[in-house]
Amino acid sequence: MAERGSKVLVLERETIFKDRVRGEAIVSWGMAEANELGISHLLKEKCGHDVPFVEAGTGLRDLRATTLQKLPLLSFPHQAMQETLLAAAENAGAEVRRGVSVEQIECEAEPAVVVLGNDANSRERISARLVVAADGRGSAARKWTKFPICEQSNNYYMAGVLLTNVHASSETMYAVFNPELGLWAALIPQAGGPIPRLLCLSQDDGRPPTG
């Protein structure tokens, strides 16, 4: 939007993005979207790593040959992806403010956002033609704007760890399913760094993950 002449303001609470278990890869259909948005080249250059194969116990699958998009998945450290795209927005002409929190969204004829700055006593009301809220699953914006919640039940725990010195192919994502235990695990290679291992565990047996 900034590249096309719109005045864009990005409000970001974090001053430094933290590493956390959050989508460490974009699958093939997501890469098609990234190509259309014009950000796939940037992600590959700054933080991304092509992973063309998936091994899920039924033989090696080449995503470039077996997906509708004919594209590999792209893995990356989540926090590096966030920094890359935020910097790209700024380079495109958007104003970026970090370390600020949104206190309220006003849904009037002219929408507005009330922003709390670094000083707890400093508040600013910013009006805009369009307000885009991206504040996660515990969204306060959803409450302020009175949007109804439509969601499916979440019957799984998900956790992740970073592994080093893993001797495995850098071009293959490994996925292991154990239906009897309600367990799924994945190993997603990244370029030049630790490999995230994700674990998905059913809540049905009443045992939360520990350790």
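Where a number appears in this text, it was derived from the coordinates with a stated rule and is not lab data. What you see is a predicted model, and the numbers here were worked out from it, not measured in a lab. Methodologically, a virtual Cβ is constructed for each residue, glycine included, from the backbone with ideal geometry; neighbour enumeration extends over all protein chains shown.
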key: Estimated D of region 34-159 in µm² per second, where Rh is the Kirkwood radius over Cα pairs and Stokes-Einstein applies at 10 °C, 1.306 mPa s   = 86 µm²/s
request  = Per DSSP H run of n ≥ 4, the term is -39500 (n - 2.57); total these for the chain, divide by its residue number, and report the mean residue ellipticity at 222 nm rounded to 500 deg cm²/dmol.
outcome  = -5000 deg cm²/dmol
key: Percentage relative contact order, region 62-196, counting C-alpha pairs under 8 Å, at least six apart   = 15 percent
ask   = Looking at the P(r) of region 8-61, how many percent of alpha-carbon pairs lie beyond 19 Å?
value = 50 percent
inquiry  = Suppose each label sits 7 Å from its Cα in the direction of the beta carbon; what would the Ala112-Ala65 distance come out to in nanometres?
reply    = 6.1 nm
Full-stretch length increase - Ser153, Ala88 - with 0.36 nm per residue and alpha-carbon distance subtracted = 19.8 nm
query = Going 7 Å from the Cα of Glu12 toward and past its Cβ, which residues in region 45-88 have a backbone nitrogen under 12 Å from where you end up?
reply = 79-88
ask   = Ordered by packing density, taken as the mean number of other Cβ atoms within 10 Å over each peptide's residues, highest first, how do 87-97, 142-152 rank?
value = 87-97, 142-152
Alpha-carbon gyration tensor eigenvalues x 5, square-rooted, for the chain, Å = 35, 23, 17
note = In nm², the average projected area of the convex hull spanned by the Cα atoms of region 78-135 is 4.8 nm²
